[in-house]
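Report on the following structure.
Every number here is computed from the coordinates shown, using simple stated rules; none is lab data. A quick note: this is a predicted structure, and the numbers were derived from the prediction, not measured. Because the Cβ atoms are built from the backbone with ideal geometry, glycine has one as well, and the counts that use them run over all protein chains shown.
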Amino acid sequence: MVTMTPDTARTLKRVGIYAGLGLITFIVTLYAVFPYERAKEAAIRMASKNLDVDVEIGSAGPAFGLAVMFRDIRVRTRPATGKPVRFTIES
């Protein structure tokens, strides 16, 4: 059985603090430098290729957690016959 000495507790506390600061630094940096415009272009390209729709995305930005949120999405179908269907998605 391992006993918790004051030196061991101090070492574990120091390691936890450094790990927490590293994680916070990583997340802040990721939010600051993530290429949201490239993610927007990739989403438009994938929708146009796989779903046969024309998509316009107004803006892209960070969402809660490690996610990307798109706003002002306009979708237009490309039917073989008939009129295209158009609709807007807020976010």
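The residue that is nearest to F34 (Cα to Cα), among those in segment 44-91 that are free of Cβ contacts under 8 Å to residues at least 12 places away in the same chain and of a type in the set (S, T, N, Q), is S48.
Filtered by the rule that a residue be within 18 Å of D72 (Cα to Cα) and among the charged types (D, E, K, R), segment 1-56 gives E37, R38, K40, E41, R45, D54, E56.
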